[in-house]
Amino acid sequence: MGLIRTITWLLSATAAIGLGQIAFAQVADASPARIMLAFEGGSAKNVALHLAERMREPLKRPIYVEEKPGASGRVGALALKHAVPDGATVAMLPIAVPVLAPMTFKDVQYDAMHDFAPISQIASYRFAFAVPANHPAQSFPDFVAWLQSHPSQAFFGSPAAGSLPHFLGVLISRAIDVDMTQVAYKGFGPMSIDLMGGQVPAGISPILDLIELHRAGRLRILATSGAKRESQLPEVPTFIEQGYPTVQATGWVAFFAPAKTPKSVIDQWSAALLSAIRSAETRQKFVELGLDATGTTPEELTAIMAADIARWGPIVKASGFRAD
């Protein structure tokens with residue numbers, strides 16, 4: 001009986017392996033799909049590669065990641081706009097590409113609400129307001145009081161002109177009734193050096209950029225931009241808690257397809273993304289990257305975009321900023 005059971009198990013295992021090889025072959029033989037990134041690698045590429053691996057089986061096709069950086073995301077956005085709407089091409093875009101860029105460039109040559117088909121928001125993140133470690137302010141109201149007695153120091157650093165940290169600074173200026181001037185840097189690295197050295201009295205960037213320097217005592221985060229405190233920074237109050245209810249900002253990353261992609265194809269991508277995003281492994285990876293895994297339907301992403309366009313449009317206009 002033992003020999004019979006062993007032979008039966010071996011036959012079953014061999015059959016299972018064979019079926020697995022057939023399934024893999026079916027995926028490998030299918031036409032490949034690509035996820036385009038409108039910005040250069042780093043954490044974004046890690047996220048895209050992670051999701052691509054987990055969507056290959058449900059979509060029954062190999063998926064590769066292609067970087068399309070340039071012109072503040074517009075190169076990738078235009079590549080998406082002109083891609084064939086057959087489900088073979090999607091793009092992973094940050095909020096700046098569909099929402100902010102059309103507000104700051106004279107002619108981006110795309111309309112995100114009409115040229116892109118929303119699939120799913122995959123992650124969100126918030127921002128932090130920080131000062132040098134030796135700054136006298138211990139809270140955001142302290143900083144506002146300090147500004148009132150040091151009006152010549154009313155400026156803040158951001159990683160880039162036209163970025164969400166830039167316009168969050170504009171929003172803060174309106175809330176505290178102090179005209180703070182942006183000092184735009186080419187990325188977080190140069191900004192962090194000046195912030196830690198005291199060459200700039202304050203800086204705004206995604207929390208992930210600032211949190212380790214805060215923990216190391218090299219700068220001090222005074223406020224975060226969410227509706228509630230961050231689990232990674234439970235000791236830091238939000239702007240809302242400190243008396244500034246209008247100061248909120250959330251960044252996000254989402255997947256889009258070209259307009260006119262069939263709804264059935266959009267639904268396939270959306271289902272595959274939601275399955276990948278909701279896994280414990282993905283959620284943990286996102287936490288490590290400073291992201292909150294979200295996962296929305298295409299309709300929910302459309303509503304999020306419309307709300308952000310309505311919210312940030314007047315702030316961008318009031319700033320008078322133009323990127324070109």
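The values are calculated or read from the model by the stated rules, or taken from the named source; none is laboratory data. This one's a predicted model, so the numbers in the text were calculated from it and none came from an experiment. Backbone-built Cβ (ideal geometry, glycine too); neighbour counts: all protein chains shown. Note: areas computed on protein heavy atoms with side chains; ligands, DNA, RNA excluded. Shrake-Rupley method; radii C 1.70, N 1.55, O 1.52, S 1.80 Å.
Where in region 192-225 does the label zone of residue 235 land, with the point 7 angstrom along Cα→C-beta and an amide N cut-off under 11 Å? From region 192-225, the list is 214-217, 221.
Membrane-span-like helices in the chain, defined here as complete DSSP H runs extending at least 15 Å along the helix axis by their C-alpha atoms with mean Kyte-Doolittle hydropathy no lower than -0.5, are 2-29, 43-59, 164-176, 263-277, 298-319; this is a sequence and geometry rule, not a statement about a membrane. Expressed in Å, the radius of gyration and Dmax of the Cα atoms of the chain are 23.1, 91. For the chain, modelled as a GNM whose springs connect Cα atoms under 10 angstrom apart, the maximal fluctuation among 213, 301, 291 occurs at 213.
If you look for lysine pairs in the chain that are eight or more places apart or on different chains, how many of them have Cα atoms under 17 Å apart?
Numbers: 45/68; 45/285; 68/81; 81/260; 81/263; 106/317.
Lysine pairs meeting both conditions in the chain amount to 6.
In the context of the full protein assembly, residue 144 retains an accessible surface of approximately 10 Å², using a probe radius of 1.4 Å and ignoring ligands and nucleic acids.
Per-residue surface analysis assigns residue 179 an accessible area of about 130 Å², computed on protein heavy atoms at 1.4 Å probe radius.
What number comes out for the charge environment of residue 208, summing +1 per Lys or Arg and -1 per Asp or Glu over other residues with Cβ under 10 Å away? Walk me through the numbers before you get to the answer.
Values: positive: 126; negative: 209, 212, 288.
Value of the local net charge: -2.
In the assembled protein chains, residue 67 presents an accessible area of approximately 70 Å² (probe radius 1.4 Å). Of interest is the spacing of the C-alpha centroids, which for region 233-307 and region 126-162 amounts to 29 Å. Within region 39-143, the proportion of Cα pairs with more than 19 Å between them is 56 percent.
Quick one: in region 164-283, what % of C-alpha pairs are over 22 Å apart? Considering region 164-283, 51 percent of its Cα-Cα pairs are separated by more than 22 Å.
From the Cα gyration tensor of region 116-222, with a ≥ b ≥ c the square roots of its eigenvalues, which class applies: rounded if a/c is under 1.5, or else prolate if a/b is larger than b/c, or else oblate?
prolate
Placing a label point 7 Å from the Cα of residue 323 along the Cα-to-Cβ direction, the residues of region 34-57 whose backbone N falls under 14 Å of that point are 38-40. The mean accessible area for residues of the chain, using a 1.4 Å probe and ignoring ligands and nucleic acids, is 46 Å² per residue.
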